[in-house]
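Undergrad: Structure below; questions to follow.
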């Protein structure tokens, strides 16, 4: 049985959010035999809303994402997500250089007017999954660009511009 307090990160519209108890709710829905339809999406929303901040104007979007995750959980086909802009991750536990890299990425993206999401990954299990041994590391659209050092701002701009073109 999944931990009721576990937080899972999911993408809802343009934002990555953490949902408390998502895995447990998915298991509960599967055990109850709920079909992967709109009724299941509404049930998941009801179960998850009391422990998570879900803005009233975004309930439909959250329900749609919960249904997508439920379909995944049951091994059913899921439409691929359409990424918007760049997906940038800073891997690091939160040292000074990790924080500097995060601020640099925000500054460069803002100055260059590049659309995308920036996530500072501090979870060691997730960091290890990238196969890096030293931090900070910069990952752009799933590709490791550097690890173990703080790159120059112009290099970050070049990497971001190259990724935005592809």
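The values are calculated or read from the model by the stated rules, or taken from the named source; none is laboratory data. Note that this is a predicted model, so its numbers are computed, not measured. With ideal geometry, Cβ positions are generated from the backbone for all residues, glycine too; neighbour counts draw on all protein chains shown.
Undergrad: If we keep just the residues of the range 132-144 that are in contact with a strand residue (DSSP E or B) (Cβ under 8 Å, 6 or more places away or on another chain) and either farther than 17 Å from residue 164 by Cα or without any contact (Cβ under 8 Å) to a residue 24 or more places away in the chain (or both), which is surrounded by the fewest Cβ atoms within 10 Å (Cβ to Cβ)? Spell out how you get there, then give the answer.
TA: Of the range 132-144, the ones in contact with a strand residue (DSSP E or B) (Cβ under 8 Å, 6 or more places away or on another chain) are 132-142, 144.
In the following step, the residues that additionally are either farther than 17 Å from residue 164 by Cα or without any contact (Cβ under 8 Å) to a residue 24 or more places away in the chain (or both) were identified as 132-137, 144.
Numbers: 132: 17, 133: 9, 134: 11, 135: 21, 136: 26, 137: 23, 144: 14.
Across the range 132-144, the extreme among qualifying residues is 133.
Undergrad: Determine whether residue 36 is in contact with a helix residue (DSSP H, G or I) (Cβ under 8 Å, 6 or more places away or on another chain) and either surrounded by fewer than 16 Cβ atoms within 10 Å (Cβ to Cβ) or outside any strand (DSSP E or B) (or both). Full working, then the answer.
TA: Details: in contact with a helix residue (DSSP H, G or I) (Cβ under 8 Å, 6 or more places away or on another chain): yes; either surrounded by fewer than 16 Cβ atoms within 10 Å (Cβ to Cβ) or outside any strand (DSSP E or B) (or both): yes.
For residue 36, the condition - in contact with a helix residue (DSSP H, G or I) (Cβ under 8 Å, 6 or more places away or on another chain) and either surrounded by fewer than 16 Cβ atoms within 10 Å (Cβ to Cβ) or outside any strand (DSSP E or B) (or both) - is met.
Undergrad: Would you confirm, using the coordinates I've provided, whether residue 65 is surrounded by 14 or more Cβ atoms within 10 Å (Cβ to Cβ), under 29 Å from residue 157 (Cβ atoms), touching a strand residue (DSSP E or B) at 6+ places or on another chain (Cβ under 7 Å) and not assigned by TED's automatic domain parsing to the domain that holds residue 154? Spell out the reasoning first.
TA: Values: surrounded by 14 or more Cβ atoms within 10 Å (Cβ to Cβ): yes; under 29 Å from residue 157 (Cβ atoms): no; touching a strand residue (DSSP E or B) at 6+ places or on another chain (Cβ under 7 Å): yes; not assigned by TED's automatic domain parsing to the domain that holds residue 154: yes.
Against the criterion (surrounded by 14 or more Cβ atoms within 10 Å (Cβ to Cβ), under 29 Å from residue 157 (Cβ atoms), touching a strand residue (DSSP E or B) at 6+ places or on another chain (Cβ under 7 Å) and not assigned by TED's automatic domain parsing to the domain that holds residue 154), residue 65 does not qualify.
Undergrad: Quick check: anything in the range 129-144 under 24 Å from residue 21 (Cα atoms), out of contact with any helix residue (DSSP H, G or I) (no Cβ under 6 Å at 6 or more places or on another chain) and at pLDDT below 95? Write out each step before concluding.
TA: Looking only at the range 129-144, we keep the residues that are under 24 Å from residue 21 (Cα atoms), and these are 129.
Filter once more, so that each one left must be out of contact with any helix residue (DSSP H, G or I) (no Cβ under 6 Å at 6 or more places or on another chain): 129.
Still in the list and also at pLDDT below 95: 129.
Scanning the range 129-144 turns up at least one residue that is under 24 Å from residue 21 (Cα atoms), out of contact with any helix residue (DSSP H, G or I) (no Cβ under 6 Å at 6 or more places or on another chain) and at pLDDT below 95.
Undergrad: Condition (residue is in contact (Cβ under 8 Å) with a residue 24 or more places away in the chain, within 30 Å of residue 40 (Cα to Cα) and not assigned by TED's automatic domain parsing to the domain that holds residue 26) applied to the range 106-118: is it met by at least one residue?
TA: yes
Undergrad: Would you point out which residue out of 44, 101, 26 is crowded, with 18+ Cβ neighbours inside 10 Å, modelled with pLDDT of 95 or more and either assigned by TED's automatic domain parsing to the domain that holds residue 132 or touching a strand residue (DSSP E or B) at 6+ places or on another chain (Cβ under 6 Å) (or both)?
TA: Matching residue, one of 44, 101, 26: 101.
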